[in-house]
1. Could you go through the stretch 33-55 and let me know if any residue there is exposed (fewer than 14 other Cβ atoms within 10 Å of the Cβ), assigned to a helix (DSSP H, G or I), of a type outside the set (Lys, Arg) and without any contact (Cβ under 8 Å) to a residue 60 or more places away in the chain.
2. One residue is enough: does the stretch 87-107 have a residue meeting the conditions within 21 Å of ILE13 (Cβ to Cβ), in contact (Cβ under 8 Å) with a residue 12 or more places away in the chain and out of contact with any Asp or Glu (no Cβ under 7 Å at 6 or more places or on another chain)?
3. Among the residues of the stretch 1-20, which ones are surrounded by fewer than 17 Cβ atoms within 10 Å (Cβ to Cβ) and either touching a Leu at 6+ places or on another chain (Cβ under 6 Å) or more than 22 Å from LEU87 (Cα to Cα) (or both)?
4. Just checking, how many residues over the stretch 110-125 are crowded, with 18+ Cβ neighbours inside 10 Å, farther than 16 Å from VAL40 by Cβ and not hydrophobic (A, V, I, L, M, F, W, C)?
5. For the stretch 1-30, name all the residues that are at pLDDT below 95 and within 10 Å of PHE72 (Cβ to Cβ).
6. Of the residues PHE114, PHE29, PHE79, which single one is touching a residue at least 60 places away in the same chain (Cβ under 8 Å) and within 26 Å of ILE13 (Cβ to Cβ)?
7. For GLY74, only one of the following conditions fails: (1) in contact (Cβ under 8 Å) with a residue 40 or more places away in the chain; (2) of a type outside the set (A, V, I, L, M, F, W, C); (3) part of a loop (DSSP other than H, G, I, E, B). What is its number?
8. Counting just the residues of the stretch 70-87 that are among the hydrophobic types (A, V, I, L, M, F, W, C) and surrounded by fewer than 16 Cβ atoms within 10 Å (Cβ to Cβ), which one comes out farthest from the chain's Cα centre (by Cα)?
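The values are calculated or read from the model by the stated rules, or taken from the named source; none is laboratory data. Every value quoted in this text rests on a predicted model; they were computed, and no experiment measured them. Note: ideal-geometry Cβ built from the backbone for every residue, glycine included; neighbour counts use all protein chains shown.
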Amino acid sequence: MIKLLFLTAGGAIGTLSRYAVSGLAHTLFGSDFPYGTLSVNLLGSFTVGLLWGLFESESLSPASRSFVFIGFLGGFTTFSTYSLETLNLLRDGQVKFALMNILLHNFLGLVLVFGGFVLARVLRH
């Protein structure tokens, strides 16, 4: 039961955080490209790498892991939105933006997971 409460709390906080970050990106960069989704997915990628590196050798309770990795980051990142926005870009004939969206999310996402992990190792030593 406690695990479900942690998942729910993490998901709610992650969702509210996604809304805030996405809205900020939309305000700063406009709406020609799905910058909000890109921002949360890249920030989420970096965060999962950082936390993975920090908690790699630390004992973290299963409830805490569920809160952070499943709840918060699951509510924060937006793969389904990314997929829909990419499909909409293709549907609207914006192939260049669709390809850019795919490449940026996937390539930079992987780079940021690795970067977060490396930063965690540096911080721990």
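1. The answer is no; no qualifying residue exists.
2. Among the residues of the stretch 87-107, not one is within 21 Å of ILE13 (Cβ to Cβ), in contact (Cβ under 8 Å) with a residue 12 or more places away in the chain and out of contact with any Asp or Glu (no Cβ under 7 Å at 6 or more places or on another chain), which makes the answer no.
3. We begin by selecting, within the stretch 1-20, every residue surrounded by fewer than 17 Cβ atoms within 10 Å (Cβ to Cβ); these are 1-5, 8-9, 12-13, 15-16, 19-20.
Once the filter is applied, which keeps residues that are surrounded by fewer than 17 Cβ atoms within 10 Å (Cβ to Cβ) and either touching a Leu at 6+ places or on another chain (Cβ under 6 Å) or more than 22 Å from LEU87 (Cα to Cα) (or both), the stretch 1-20 yields MET1, ILE2, LYS3, LEU4, LEU5, THR8, ALA9, ALA12, ILE13, THR15, LEU16, ALA20.
4. Count: 0.
5. Passing the criteria: PHE6, LEU7.
6. The match here is PHE114.
7. Of the numbered conditions (1) in contact (Cβ under 8 Å) with a residue 40 or more places away in the chain; (2) of a type outside the set (A, V, I, L, M, F, W, C); (3) part of a loop (DSSP other than H, G, I, E, B), the odd one out for GLY74 is (3).
8. This residue is LEU87.
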